[in-house]
Amino acid sequence: GGGRLVEQVKASRPWMNKVRAAALLAAADCGWTHDGQGVRVTLELVVPRPKSVRRPMPVKRSAGDLDKHCRSVLDALTADAKHGLLGVLTDDSAVVDLVASKRYPSGERPFIGAVISIEEVL
């Protein structure tokens, strides 16, 4: 993109905005602020099940690369002073542990979205 980041998925920017807003609200509700120390991020993504797939979880190819989903979420959680965006993390380089999974909707998680937890690593 001529030296600039170009999102490959058109829906990623609105998704990132929703993740950022929900994370900021959750952090405010529990009084959590990031002081720059290392954190562990646990991320459980629930993606739409393709009509051709009947299995409860991705075994072969599925909607989107897990690493791209992770990068999108971590970018959404991180403050971006250049663009005036708040975040619950001062910098995503503070993520020292990342646990991520990608699943299809099920009885346990019947929605499309993400469950994200952040905890300081002492």
Kindly indicate the residue of segment 79-96 that is among the acidic types (Asp, Glu) and at pLDDT 90 or above and also most open to solvent (accessible area, probe 1.4 Å) among those meeting that condition. Asp91
Identify, please: which residue in segment 7-26 is more than 15 Å from Ile116 (Cα to Cα) and among the small types (Gly, Ala, Ser) and is, among those, modelled with the highest pLDDT? Ser12
Could you please let me know if Val73 is surrounded by 17 or more Cβ atoms within 10 Å (Cβ to Cβ) and at pLDDT 95 or above? no
Pick out the one residue from Val53, Val59, Val121 that is of a type in the set (Val, Ile, Thr), open to solvent by 40 Å² or more (accessible area, probe 1.4 Å) and at pLDDT below 90. Val59
Going residue by residue through segment 40-47, is there one that turns out to be closer than 24 Å to Arg103 by Cβ, at pLDDT 95 or above, buried (at least 16 other Cβ atoms within 10 Å of the Cβ) and more than 12 Å from the chain's Cα centre (by Cα)? no
Cβ-Cβ under 8 Å, sequence separation 6+ or interchain: first residue in segment 22-36 and under 16 Å from Val121 (Cβ atoms), partner open to solvent by less than 100 Å² (accessible area, probe 1.4 Å) and among the polar types (S, T, N, Q). Which pairs? His34/Thr90; Asp35/Thr90; Gly36/Thr90
Can you pull out every residue in segment 97-112 that is touching a strand residue (DSSP E or B) at 6+ places or on another chain (Cβ under 7 Å) and either hydrophobic (A, V, I, L, M, F, W, C) or open to solvent by 60 Å² or more (accessible area, probe 1.4 Å) (or both)? Leu98, Val99, Ala100, Arg103, Arg109, Phe111, Ile112
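The values are calculated or read from the model by the stated rules, or taken from the named source; none is laboratory data. All values reported here derive from a predicted model rather than from experimental measurement. All Cβ positions, glycine included, derive from the backbone under ideal geometry; neighbour counts span all protein chains shown. Surface areas here come from the heavy atoms of the whole protein model, side chains and all, with no ligands, DNA or RNA. Shrake-Rupley method; radii C 1.70, N 1.55, O 1.52, S 1.80 Å.
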